[in-house]
Amino acid sequence: GLFFPVVGDAIGALVSAYIVLVSVRYGLPKVVIARMVFNITADFIVGSIPFLGDAADFVWKVNTRNLRLLNRYAAGKERSFWSDWAWVFFLLGGLFFLLAGGLALIYFAFKATVGL
C-alpha cells in the first residue's frame with residue numbers, strides 16, 4: 001500500500017467480497033449484506049489515502065467486522081433467493097466500478113506524471 005496505495009486496497013476489497021458471497025449463501029438479510037458491502041467500500045476509500053489509510057486499516061478491520069456479522073446472522077437453515085443474489089451483485093458491481101475508477105485515476109495520474 002505504500003508504493004501503490006489504491007492497488008493494495010483494491011486487492012483487499014476483492015478478497016473481502018468473498019465473505020459477502022458466502023453470506024448470501026447462508027441466507028443473511030439484505031440489510032446485513034448491504035452493511036458488509038458498506039464496510040468494504042469505506043475501508044477501500046479511507047485505505048486509499050496514503051499513511052492515514054494505513055493507520056485506519058490497522059484500527060478498522062473490515063474482514064473481522066464482516067465475519068462477526070456472518071457468525072451473528074448465519075443460521076444455516078434459510079436459503080437465499082434470487083433477489084438476494086441480485087442485490088449482492090448490484091452492490092458488488094458498484095464496488096467494482098469504484099475500484100476500477102480508483103485504479104484508472106492512479107493510472108492516468110501516473111501517466112501524466114511520467115509523461116508517457
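Descriptive notes on the structure:
- Long-range neighbours under 8 Å by Cβ, at least six apart or interchain, first residue more than 16 Å from Ile11 (Cβ to Cβ) within region 98-116, second in a helix (DSSP H, G or I) and modelled with pLDDT under 85: Leu105/Val6
- In the condition set (1) open to solvent by 40 Å² or more (accessible area, probe 1.4 Å); (2) modelled with pLDDT under 85, Leu14 is compliant with all but (2).
- Total residues in region 42-63, condition polar (S, T, N, Q), open to solvent by 30 Å² or more (accessible area, probe 1.4 Å) and under 20 Å from Ile106 (Cα atoms): 0
- Residue count, region 34-59 (criterion: more than 13 Å from Ala17 (Cα to Cα), touching a helix residue (DSSP H, G or I) at 6+ places or on another chain (Cβ under 6 Å) and not charged (D, E, K, R)): 6
The values are calculated or read from the model by the stated rules, or taken from the named source; none is laboratory data. Remember, predicted model here, so these are calculated numbers, not experimental data. Cβ: placed from backbone, ideal geometry, glycine included. Neighbour counts: every protein chain shown. For the accessible areas, the whole protein counts, side chains as well, though only heavy atoms, and no ligand, DNA or RNA atoms are used. Shrake-Rupley method; radii C 1.70, N 1.55, O 1.52, S 1.80 Å.
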